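Structure, as structure tokens:
Derivation of every value follows stated rules applied to the coordinates shown; laboratory data play no part. Everything numeric here is computed off the predicted structure, so don't read it as measured data. Cβ placement follows ideal geometry from the backbone for every residue including glycine, while neighbour counts extend to all protein chains displayed.
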Amino acid sequence: MDTVAELAIAWEPQTSIVPAGPGWWSGNTTVFHGTHPEHGSLILRQPRAHRSALGDPAHAVAFATALASAGLGPEVIASTSDGAIITRDIGEDHHLATLSRVMSGNLLVPLLAAHRQVGTLTADLPEIDSVDELARLVGVAARLGMSLPDGAEAVLQEISTFAPKLHATSETHVATGDAMLSNIMLGPDTSVAFVGGTLAGRRSRTATAGMLVAELAPYVAAPEEVFETFWGSWDARAYARAQLFGIIDDIRWAAISRIATARSTHPNFAPSFLGGVRVRHALATLSDPAYSSWKERA
């Protein structure tokens, strides 16, 4: 694998990025395009200033390498110790996933099948307990002097009533740790390529299901359909746990958005908007008539 310095490429900002949420332009990384005489068209994902607070950059590199080996992501050409990754540019025949593209192309099934495939990967990644991760990120935001978006504290109080049920078990699998569609490229044959991985790790399978439900439902499909398509069958208890994990994921992103805001150096990167949206989503889930039954069943 080449080093980034050895490639000596003149990088240009990638202007075709679609935000994963309001203000979340290319999220945890800044994306650049360049051309190399041997490797051809390449993409550089450079960590933003807040990236170091989210986890070990080496894990993102290990995840990207595992994805490429399994045909689930572009070839990794080079990387750095701080998590910058250069990959083959697959943009000529792939498009960034969006809700409209997934819906119009009827791509829910191949999308979730790809997430299941990720779960079978072998990679040197840490075990991540979603409850502990949330507490850590909320603490990071607080130490940076950042309060969470309005409504988040009320959700955190409610999370404390069910969090003990959701601590990680031995049944973990490799996961992206981030269900946002902006981490995915869609190929012409319904193939799926993952291009993110900042939050990758070994997680509870129900935590992954919860992230997917929180991200895709009800926009692409009903939450029950999203869950069952990913899970492979209907499991009422696992679905209840997934819904609770989705609430945790919403507030995790609220915390990440505030960490990113504290360390942002770019005037067009306004991550706090995303955090506000995710808190509203969490509050809506808590208002679901079925919420009390999810807590009881989980």
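Structure notes:
- Computed helical MRE - 222 nm, the chain, DSSP H runs ≥ 4 contributing -39500 (n - 2.57), nearest 500: -13500 deg cm²/dmol
- Counting beta carbons within 10 Å around each of Phe273, Phe227 and listing the fewest first gives the order Phe273, Phe227.
- Residues whose amide H lies under 5 Å from that of Leu96, counting only those 5 or more places away or on a different chain, are Leu186; hydrogens are built 1.01 Å from N in the peptide plane.
- Sparsely packed GluC sites (Glu not before Pro) within segment 101-183, loop by DSSP, other Cβ within 10 Å at most 12: Glu171
- Normalised by the number of residues in segment 144-298, the average gap of Cα pairs under 8 Å and 6 or more apart makes the relative contact order 27 percent.
- Principal-axis tilt of helix 236-263 within the chain, Cα atoms, nearest 10 degrees: 50
- Cα centroid separation - segment 119-171 against segment 183-257, whole Å: 15
- Relative contact order for segment 4-297, counting Cα pairs under 8 Å that sit 6 or more residues apart, in percent: 22
- Of [x] 20.3; [y] 19.4; [z] 21.5, the label for Kirkwood radius over Cα pairs in Å derived from the coordinates: [y]
- Axis angle, to the nearest 10 degrees, between helix 130-143 and the longest C-alpha principal axis of the chain: 70 degrees.
- Put in line by how crowded their Cβ is, counting other Cβ atoms within 10 Å and starting with the fewest, Val192, Val109 read Val109, Val192.
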